[in-house]
Amino acid sequence: MDLLKFNKSRNKILGAIFIFAIVVLFFFFQTNYYLEVPGSAEPTSQFVKVDGKHDKKKGNLLLTTVGIVRATPFLLVKSMENDFETIYPQEELMGNETSAQYNQVQQYYMKSATNNAVQAAYTKAHKPFNKVYKGVYVMDITSNSDFKGKLEVGDTINSINGYKFKSSNEFINYVRKQNKKSKVSISLDRNGRKLNVSGGLVKLKETKHYGLGITLTDDSVAKGVPPTTINAGEIGGPSAGLMFTLQVYSQIANKNLKQGRTVAGTGTISPDGTVGPIGGIDKKVFIASAEGATIFFAPDDPVTKEIKKYDPDYVNNYHLAKQAAKKINTKMKIVPVKKLDDAINYLEK
């Protein structure tokens with residue numbers, strides 16, 4: 001009888017442990033999925049200094065962000081009931097990058113966005129600036145590259161075979177002219193250290209040309225007069241470009257674009273002032289409205305035949321923003337922008 005009681009007691013304990021383990025896994029086990037969720041709406045004035053000073057004018061120009069959260073089973077189930085949370089497999093979100101590499105690339109995108117913002121703002125304000133070209137920034141390295149393990153994401157290549165170039169296109173053209181059996185020597189900067197590595201060329205899947213097997217973009221710095229610094233902290237990605245440009249322009253041109261209002265928005269910025277589309281705009285509309293914005297700038301990117309061929313269901317940022325605003329029944333005005341001038345003209349009218 002004592003043995004029977006013992007077995008029953010043991011089974012209850014084992015059952016409780018099993019249930020506890022299932023509960024722990026449900027709430028805390030990290031899957032290979034991520035959630036894109038509404039992030040934050042941050043005043044750009046806190047990140048920007050012109051001539052060493054922050055903008056103290058009344059009102060706010062808000063950059064908007066999305067949050068990326070590693071999903072547990074609980075969060076996956078919970079997100080299915082939320083129109084403003086999107087599930088992504090890790091591979092779709094990050095490709096072959098590790099989480100650390102993904103974050104590093106996002107930081108570079110922000111660096112590029114702030115650099116473009118300075119160029120666009122100073123050009124619009126007719127203020128002088130100087131662009132310093134540093135080299136090409138390594139964004140990714142293919143698995144078959146001879147430079148795998150030699151180059152790292154985040155490296156800046158500043159010469160090849162002793163040849164210094166002035167753009168990524170110039171660099172690519174130089175590499176294409178090399179014999180496919182050539183060995184090349186590369187000089188690079190890595191976290192402040194100067195290094196040299198060498199290796200051969202590989203056939204690139206996309207173009208069938210021979211190359212290094214890397215994804216790259218220009219690494220440059222724009223410095224203006226008066227001097228501007230933009231420090232976005234831990235915020236990454238290119239989507240704050242438009243709002244940073246408006247902030248810098250308002251200060252260097254001494255324009256009161258805010259006029260006491262809370263203005264939010266999103267969009268990449270090119271040096272010529274072109275505003276480009278971004279991801280997660282529905283989440284950004286949600287958080288901007290929650291933070292009291294009365295105006296939201298949304299990229300009105302053109303939907304070309306090429307885009308429709310690649311993605312027949314593509315909807316541009318402005319229309320996605322309008323749909324999101326309708327869902328949350330906000331009074332915030334959604335304003336389409338194609339160029340920097342569209343946003344400035346709207347605020348000044």
Would you mind finding the one in ALA232, ALA222 that is part of a loop (DSSP other than H, G, I, E, B), in contact with a Phe, Trp or Tyr (Cβ under 8 Å, 6 or more places away or on another chain) and closer than 27 Å to ASN116 by Cβ? ALA232
Taking segment 181-207 and keeping only residues that are surrounded by fewer than 12 Cβ atoms within 10 Å (Cβ to Cβ), more than 29 Å from the chain's Cα centre (by Cα) and basic (Lys, Arg), one is left with LYS181
Name, by its number, the condition in (1) among the hydroxyl-bearing types (Ser, Thr, Tyr); (2) in contact with a Ser or Thr (Cβ under 6 Å, 6 or more places away or on another chain); (3) at pLDDT below 85 that does not hold for SER99. (2)
Tell me the residue from ILE87, ILE157 that is in contact with a Ser or Thr (Cβ under 9 Å, 6 or more places away or on another chain), in the same structural domain as SER239 (by TED's automatic domain parsing) and either over 29 Å from VAL50 (Cα atoms) or part of a strand (DSSP E or B) (or both), please. ILE87
Single match in ASN345, ASN329 (criterion: exposed (fewer than 11 other Cβ atoms within 10 Å of the Cβ), modelled with pLDDT of 90 or more and more than 15 Å from PRO277 (Cα to Cα)): ASN329
Name the single residue, out of those in segment 156-172 being exposed (fewer than 12 other Cβ atoms within 10 Å of the Cβ) and at pLDDT below 90, that is nearest to the chain's Cα centre (by Cα). ASN169
Tell me which residues, restricted to segment 198-229, are β-branched (Val, Ile, Thr) and touching a strand residue (DSSP E or B) at 6+ places or on another chain (Cβ under 6 Å). ILE214, THR215, THR217, VAL221, THR228, THR229
Of the conditions (1) surrounded by fewer than 16 Cβ atoms within 10 Å (Cβ to Cβ); (2) in a helix (DSSP H, G or I); (3) under 14 Å from the mean Cα position of the chain (by Cα), LYS78 fails just one. Which one is it? (3)
Output for segment 283-323, where each listed residue is in contact with an Asp or Glu (Cβ under 8 Å, 6 or more places away or on another chain) and in a helix (DSSP H, G or I): LYS283, ASN317, TYR318, LEU320, ALA321, GLN323
Would a scan of segment 303-310 turn up a residue that is free of Cβ contacts under 8 Å to residues at least 12 places away in the same chain, in the same structural domain as LEU61 (by TED's automatic domain parsing) and among the β-branched types (Val, Ile, Thr)? yes
How do the pairs read when you match residues in segment 36-53 that are over 23 Å from PRO128 (Cβ atoms) with residues anywhere that are surrounded by 19 or more Cβ atoms within 10 Å (Cβ to Cβ) and charged (D, E, K, R), using Cβ under 6 Å and keeping only pairs 6 or more apart or on different chains? VAL37/GLU85; PRO38/LYS283; SER45/ASP55
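The values are calculated or read from the model by the stated rules, or taken from the named source; none is laboratory data. Quantities reported herein were computed from a predicted structural model and do not represent experimental measurements. So basically every Cβ, Gly included, is an ideal-geometry build from the backbone, and we count neighbours across all protein chains shown.
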